[in-house]
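Input: a single structure, listed below in structure tokens.
The values are calculated or read from the model by the stated rules, or taken from the named source; none is laboratory data. The model shown is predicted, which means the values in this text are computed figures rather than measured ones. When we count neighbours, we look across all protein chains shown, and the Cβ atoms used for this are built from the backbone with ideal geometry, even at glycine.
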Amino acid sequence: MIRTRVSLAFGGAAWILVMAVYTNALIVQGRESLAIALAYNAPIALLFLVLAAEIAIYFLVHGVRRTLADRGPMLALWLVGCLILFLRLVTPRIEVSGHMTWLPLLSAQSFVLRFPAWLTAFGLAGTLFAAWLKFAVFRGPSGAPGLFVGISLALVLLIVSRRARRANATAESSCEEDGTGMNENNTLTFTGRIRSVRFAVRGIRTMVTSQQNAWIHAAATVVVVTAGAFVGLSWPEWCWIVLAIISVWTAEALNTAFEFLTDVASPNFHPIAEKAKDVAAGAVLVSAVGATIIGILVFWPRIASLID
């Protein structure tokens, strides 16, 4: 969309200017950990400036009433985030990390507004890096509450956006267009491969927005990765954790696709269709139990050592 590109252009330009001023200030101060400071603040700055530009452009084009109607939930969650930061400034007892609060929320917002996947991935990578710093390096008390608040706000935004999309009943691309895209994908060209990746990303978005279990998997993934960074897992242990996470997400994706196919093949209730869905859901359960066992085997020695 043009609005998305313009938002990226203006927000990106503002981000370059802000990061240049910030980098110069760090150099003048003689900051030793310059790279860590830049990596810590760059993702949240880019997401905030790009999304703020999108809201401002939407306001200029559509006016106050439609902006409040379409962007109201996002603005309300922004107010909640600003309120938390304000309370932390005026009340030192409130230990809630601003980075851990805003990064999941901004990442979810870029996903909801259908910005390029790299922007959402950049926000998620920034979230994981900030979590690693908070839990493994700084070891401050504000990381866990901030992460909890941030994930909660992100889930609220995803749920509200999903319900709004269903209520509006926006029409998606027709079956004929999908068929054309699939035929074009059969040719071994660079643009065809890019189109395949775009369809795959669209499928992941469909799974995340249509399946509540996917939200649970997403929350569990963030918790496990954060815990792994906190306890300092070794590379072989990370391989097992990543394998467990991928197995669960793969099973959930196949289960979602199987449910869609079953609904098309058997719109009305049929006992065999019900059994097919149960078997597919059972595959997800098996993978989740296996991932849980792997997590226990990996984390239990670390937890025991911390307890001792």
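Considering (1) of a type in the set (Phe, Trp, Tyr); (2) modelled with pLDDT under 85; (3) surrounded by 15 or more Cβ atoms within 10 Å (Cβ to Cβ), say which one TRP249 fails and leave the rest.
Of (1) of a type in the set (Phe, Trp, Tyr); (2) modelled with pLDDT under 85; (3) surrounded by 15 or more Cβ atoms within 10 Å (Cβ to Cβ), only one is false for TRP249: (2).
Specify the residue that is surrounded by the fewest Cβ atoms within 10 Å (Cβ to Cβ); the eligible residues are those in segment 216-238 that are within 17 Å of GLY123 (Cα to Cα) and touching a residue at least 60 places away in the same chain (Cβ under 8 Å). Please lay out each step first, then the result.
So the first thing to find is which residues in segment 216-238 are within 17 Å of GLY123 (Cα to Cα), and the list is 218-219, 221-223, 225-226.
Retained after the next criterion (residues that are touching a residue at least 60 places away in the same chain (Cβ under 8 Å)): 219, 222, 225-226.
On the way: ALA219: 14, VAL222: 19, VAL225: 20, THR226: 23.
Out of the qualifying residues, it is ALA219.
Every residue in segment 95-114 that is within 18 Å of SER7 (Cβ to Cβ) and either free of Cβ contacts under 8 Å to residues at least 40 places away in the same chain or surrounded by fewer than 23 Cβ atoms within 10 Å (Cβ to Cβ) (or both), please.
Applying the first criterion (within 18 Å of SER7 (Cβ to Cβ)) to segment 95-114 yields 102, 105-114.
If the condition is that a residue be within 18 Å of SER7 (Cβ to Cβ) and either free of Cβ contacts under 8 Å to residues at least 40 places away in the same chain or surrounded by fewer than 23 Cβ atoms within 10 Å (Cβ to Cβ) (or both), then PHE111, VAL112, LEU113, ARG114 are the ones that fit.
Output the qualifying pairs, or none if there are none: Cβ atoms under 7 angstrom, residues six or more apart or on different chains, first residue in segment 139-157 and assigned to a helix (DSSP H, G or I), second residue among the basic types (Lys, Arg).
These pairs meet every condition: GLY143/LYS134.
From the set of residues in segment 7-46 that are small (Gly, Ala, Ser) and in contact with a Leu (Cβ under 8 Å, 6 or more places away or on another chain), which is modelled with the lowest pLDDT? Let's see the steps before the verdict.
The initial filter retains those residues of segment 7-46 that are small (Gly, Ala, Ser), namely 7, 9, 11-14, 20, 25, 30, 33, 35, 37, 39, 42, 45.
Filter once more, so that each one left must be in contact with a Leu (Cβ under 8 Å, 6 or more places away or on another chain): 7, 11-12, 14, 37.
Numbers: SER7: 90, GLY11: 91, GLY12: 91, ALA14: 92, ALA37: 86.
So, considering only residues that are small (Gly, Ala, Ser) and in contact with a Leu (Cβ under 8 Å, 6 or more places away or on another chain), the one modelled with the lowest pLDDT is ALA37.
Check whether at least one residue in segment 17-38 is part of a helix (DSSP H, G or I), within 19 Å of the chain's Cα centre (by Cα) and among the small types (Gly, Ala, Ser), and report yes or no. Walk me through it before giving the result.
First, pick out the residues of segment 17-38 that are part of a helix (DSSP H, G or I): 17-29, 34-38.
Subset that is within 19 Å of the chain's Cα centre (by Cα): none.
Taking every residue of segment 17-38 in turn, none turns out to be part of a helix (DSSP H, G or I), within 19 Å of the chain's Cα centre (by Cα) and among the small types (Gly, Ala, Ser).
Restricting attention to segment 105-123, does a residue exist that is of a type outside the set (Phe, Trp, Tyr), over 21 Å from GLY12 (Cα atoms) and part of a helix (DSSP H, G or I)?
Here is the first cut: in segment 105-123, the residues of a type outside the set (Phe, Trp, Tyr) are 105-110, 112-114, 116-117, 119-121, 123.
Those left that are additionally over 21 Å from GLY12 (Cα atoms): none.
Checked segment 105-123: no residue is of a type outside the set (Phe, Trp, Tyr), over 21 Å from GLY12 (Cα atoms) and part of a helix (DSSP H, G or I).
Pick from VAL289, VAL298: which is over 23 Å from SER107 (Cβ atoms) and in contact with an Asp or Glu (Cβ under 6 Å, 6 or more places away or on another chain)? Step through it out loud before you land on a result.
Values: VAL289 fails: in contact with an Asp or Glu (Cβ under 6 Å, 6 or more places away or on another chain).
Only one candidate passes the filter, namely VAL298.
When segment 61-78 is examined, which residues are found to be within 17 Å of MET1 (Cβ to Cβ) and either at pLDDT below 85 or surrounded by 13 or more Cβ atoms within 10 Å (Cβ to Cβ) (or both)? Can you show your working first?
Filtering segment 61-78 down to residues within 17 Å of MET1 (Cβ to Cβ) leaves 61-62, 66-67, 70-71, 74.
Those that are within 17 Å of MET1 (Cβ to Cβ) and either at pLDDT below 85 or surrounded by 13 or more Cβ atoms within 10 Å (Cβ to Cβ) (or both): HIS62, ARG66, THR67, ASP70, ARG71, MET74.
For residues in segment 262-281 being surrounded by 12 or more Cβ atoms within 10 Å (Cβ to Cβ) and either at pLDDT 90 or above or hydrophobic (A, V, I, L, M, F, W, C) (or both), which is farthest from PHE230 (Cα to Cα)?
Only one residue fits best here, namely ALA273.
Looking for something in contact with a Leu (Cβ under 9 Å, 6 or more places away or on another chain) and not charged (D, E, K, R) - is there at least one such residue anywhere in segment 261-269? Talk me through it step by step, then tell me what you get.
First, pick out the residues of segment 261-269 that are in contact with a Leu (Cβ under 9 Å, 6 or more places away or on another chain): none.
Taking every residue of segment 261-269 in turn, none turns out to be in contact with a Leu (Cβ under 9 Å, 6 or more places away or on another chain) and not charged (D, E, K, R).
Being under 27 Å from VAL6 (Cα atoms) and polar (S, T, N, Q): is that true of SER142 here? Walk me through how you get there before you give the answer.
Details: under 27 Å from VAL6 (Cα atoms): no; polar (S, T, N, Q): yes.
In short, no.
Restricting attention to segment 87-104, which residues are touching a helix residue (DSSP H, G or I) at 6+ places or on another chain (Cβ under 9 Å), part of a helix (DSSP H, G or I) and of a type in the set (A, V, I, L, M, F, W, C)? Talk me through it step by step, then tell me what you get.
Step one: list which residues in segment 87-104 are touching a helix residue (DSSP H, G or I) at 6+ places or on another chain (Cβ under 9 Å), which gives 88, 94-104.
Now drop any that are not part of a helix (DSSP H, G or I), which leaves 88, 98-104.
The answer is MET100, TRP102, LEU103.
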